[in-house]
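> So that we are looking at the same thing, I have put the structure below in structure tokens.
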């Protein structure tokens, strides 16, 4: 019985070291996903469309200022005041539109990236469960040090779970 207790005590530290730790790089995985490329293309297309609309508003604003400047000496004060107000309203509308577009693009990007991160997290959990890992850490988050001898890089396994080559 004594030998059994001594053997258990000697093997306990070995059991502690037998725990498996893994690490992966989420940036590499996310950038390799087709969903990421699709999301980036959709955001770029929408951003380009918004930029064209804003450019049209800006061109109209410039045209109105140029017309106002050219005609300001020949127009009655009432007309000048109305045109100043139109120019000011157009400038405010441009600012509001630009801010709205920026918020919409940011929300769309966040929604798409959240879905992508959830998909990667699901694959990490599957790899962790299947491999019996205690921890799997994301190295792209700025972890100061991970021992390559004590931790396994599971990036390839996660990519495989996601169908990425």
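> Please enumerate the residues belonging to the range 127-165 that are free of Cβ contacts under 8 Å to residues at least 24 places away in the same chain and farther than 18 Å from residue 116 by Cα.
Hits for the range 127-165 are 129, 130, 142, 144, 145, 147, 148, 149.
> Okay, moving on. Go through the range 121-151 and count every residue that is outside any loop (DSSP other than H, G, I, E, B), surrounded by 10 or more Cβ atoms within 10 Å (Cβ to Cβ) and either in contact with a strand residue (DSSP E or B) (Cβ under 9 Å, 6 or more places away or on another chain) or modelled with pLDDT under 90 (or both).
Result for the range 121-151: 14.
This table checks each residue for (1) more than 23 Å from residue 165 (Cα to Cα); (2) modelled with pLDDT of 95 or more; (3) assigned to a helix (DSSP H, G or I).
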residue	(1), (2), (3)
3	yes, no, yes
23	no, no, no
50	yes, yes, yes
64	yes, no, yes
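> May I pose another question? Return the only residue of 116, 158 being touching a strand residue (DSSP E or B) at 6+ places or on another chain (Cβ under 9 Å) and either in a helix (DSSP H, G or I) or farther than 21 Å from residue 24 by Cα (or both).
158
Table: residues versus (1) in contact with a strand residue (DSSP E or B) (Cβ under 7 Å, 6 or more places away or on another chain); (2) more than 30 Å from residue 122 (Cα to Cα); (3) assigned to a helix (DSSP H, G or I).
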position: 41; (1), (2), (3): no, no, yes
position: 44; (1), (2), (3): no, no, yes
position: 53; (1), (2), (3): no, yes, yes
position: 59; (1), (2), (3): no, yes, yes
position: 73; (1), (2), (3): no, yes, no
position: 83; (1), (2), (3): no, yes, yes
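> Looking at the structure I just gave you, is residue 39 within 30 Å of residue 142 (Cβ to Cβ) and either surrounded by 15 or more Cβ atoms within 10 Å (Cβ to Cβ) or at pLDDT below 95 (or both)?
On the way: within 30 Å of residue 142 (Cβ to Cβ): yes; either surrounded by 15 or more Cβ atoms within 10 Å (Cβ to Cβ) or at pLDDT below 95 (or both): yes.
Answer is yes for this residue.
The values are calculated or read from the model by the stated rules, or taken from the named source; none is laboratory data. Model, not experiment: these values are computed from the prediction. Using ideal geometry, Cβ is built from the backbone for each residue, glycine included, and neighbour counts are taken over all protein chains shown.
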